[in-house]
1. Got at least one residue in the stretch 116-129 being of a type outside the set (Asp, Glu) and over 26 Å from the mean Cα position of the chain (by Cα)?
2. Does the stretch 105-121 hold any residues that are over 20 Å from GLY178 (Cα atoms) and outside any loop (DSSP other than H, G, I, E, B), and which are they?
3. Do we have any residue at all in the stretch 245-254 that's more than 22 Å from TYR370 (Cα to Cα), open to solvent by 60 Å² or more (accessible area, probe 1.4 Å), out of contact with any Asp or Glu (no Cβ under 7 Å at 6 or more places or on another chain) and hydrophobic (A, V, I, L, M, F, W, C)?
4. Which residue out of ILE284, ILE294 is crowded, with 20+ Cβ neighbours inside 10 Å, in the same structural domain as ALA369 (by the TED database), within 13 Å of ILE365 (Cβ to Cβ) and among the hydrophobic types (A, V, I, L, M, F, W, C)?
5. Collect the residues in the stretch 190-212 that are touching a Leu at 6+ places or on another chain (Cβ under 8 Å) and within 22 Å of ASN374 (Cα to Cα), keeping them in residue-number order.
6. Condition first: open to solvent by less than 20 Å² (accessible area, probe 1.4 Å), modelled with pLDDT of 95 or more, within 19 Å of ILE50 (Cβ to Cβ) and touching a strand residue (DSSP E or B) at 6+ places or on another chain (Cβ under 6 Å). Can you find one or more residues in the stretch 148-158 that meet it?
7. Scan the stretch 188-218 for residues that are assigned to a loop (DSSP other than H, G, I, E, B) and under 21 Å from PHE388 (Cα atoms) and jot them down.
Amino acid sequence: MASSSLYFLLIFLSISSFTLLSQSQTSSKLNKFVLPIHQDNKTNLYVANIYKRTPLLQIPFVVDLNGRLLWVTCEQNYLSSTYHAPRCYSTQCGRANTHYCHTCFSKARPGCHNNTCGLMSVNPVTGLTAMSELAQDVLSIYSTQGSNPGPLVKIPRFLFTCAPSLLLQPVLPGNVQGVAGLGYSPISLPTQLASHFGYAGFAPTFALCLAPNGVIFFGDSPYYMLPGLDISLPVGYTPLIISPLGEYYIEVKSIKINNKDVPLNTTLLSIDRRGIGGTKLSTINPYTILEHSIFKSVTEFFTKELSSIPLVKLVEPFEVCFNSKMLHDQHVIWRIYGSNSLVEATPGVSCLAFVDGGLNTRAAIVIGAYQMENNLIQFDMARSRLGFSSSLLFFRTSCNNLNFTAIP
């Protein structure tokens, strides 16, 4: 199969395998859902307001692309007539792949029962973990035919964990009550949607469209943005790799700047059986992180190619910054142009939006949320492939342009 490339303004990463998406979907079956998301201005994290409980209540969750489950704090004011904590060794515990029996020494409440299943919840920013109670309750999500949100659809026994409130501090947005994991695991949000609605032809696929007011699609294309454009046409594909921890990776083979190869230790670009190396995608990291030797090579090469533009004082966490006023095939390309490769760190100063990850990093490259903004990124589990559209701005639309006016 032909190789493909991941292309940054003056930089591109050579990856593999390409095809074009050219299918239509006319079925009226309940096989697609949509989840509006927004970016928190202070932390740059993405937040989704998800309907849960009985009666239904909108609850804000941080979106974690590689998270293994959905967790929420239940210590205070968790009121729901449909909350249930599965007993130890039950079918639900088996599905969640936990054999740990949870014990709680406080008064019984959601998140605190004896002889129920325990499961670790993780704050993806700090890495802090805490034993939590496996639970099930109602979750509702907007249905869609791909163009605008339709009626809410209910999942009556959605599995999640009740976590202690200490996991929220101190770096998550102030109003957030938990984390919604989209990773490849038995009880993540995409997996449970595929399991519950599989009878209706629901595809085990989801697509990110990150923007200040973006969206996540669950189910197969087409996906429409105003003014009626199917943003899944055309989409290039590359193999999707799942790490031992259920994280999403792609295989990068090289990095080019101005179509010139950047000298690299290419052994770092392959992921091994332990999940070390390779290129991971992340919604938690705001900017792309490069292992130190890769970062050094890329930044030196980049500044050489822009040698006519003087550098200015760096603005943390970036190390290569320019005066903004002076800035203005056989491969398949995921293009990440100037709007995604350079960030205005302060007025008049634009910085290369890549961060030095240091030595001995788990992933050699972590593609951050900023580099994925206004790109359609599709995770196709059935075919083990990742689809990418390149910048939607060149198609005269953006990830902000879902028709939300039709929400019931």
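The values are calculated or read from the model by the stated rules, or taken from the named source; none is laboratory data. None of the values given here were measured: they were computed from a predicted structure. FYI the Cβ positions are ideal-geometry reconstructions off the backbone, even for glycines, and counts take in every protein chain you see. Side chains are part of the model used for accessible areas, which takes the heavy atoms of the whole protein and leaves out ligands, DNA and RNA. Shrake-Rupley method; radii C 1.70, N 1.55, O 1.52, S 1.80 Å.
1. Within the stretch 116-129, one or more residues are of a type outside the set (Asp, Glu) and over 26 Å from the mean Cα position of the chain (by Cα).
2. Across the stretch 105-121, the qualifying residue is only THR116.
3. Yes; the residues of the stretch 245-254 include at least one that is more than 22 Å from TYR370 (Cα to Cα), open to solvent by 60 Å² or more (accessible area, probe 1.4 Å), out of contact with any Asp or Glu (no Cβ under 7 Å at 6 or more places or on another chain) and hydrophobic (A, V, I, L, M, F, W, C).
4. ILE294
5. Listed by number, the residues that qualify are PRO190, PHE206, ALA207, LEU208, CYS209.
6. Within the stretch 148-158, one or more residues are open to solvent by less than 20 Å² (accessible area, probe 1.4 Å), modelled with pLDDT of 95 or more, within 19 Å of ILE50 (Cβ to Cβ) and touching a strand residue (DSSP E or B) at 6+ places or on another chain (Cβ under 6 Å).
7. Passing the criteria: PHE202, ALA203, PRO204, LEU210, ALA211, PRO212.
Let's see how each residue does on (1) of a type in the set (A, V, I, L, M); (2) closer than 27 Å to GLU251 by Cβ; (3) open to solvent by 10 Å² or more (accessible area, probe 1.4 Å); (4) at pLDDT 90 or above:
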residue: CYS321; (1), (2), (3), (4): no, no, no, yes
residue: ARG335; (1), (2), (3), (4): no, yes, yes, no
residue: ASN374; (1), (2), (3), (4): no, yes, yes, yes
residue: ARG385; (1), (2), (3), (4): no, yes, yes, yes
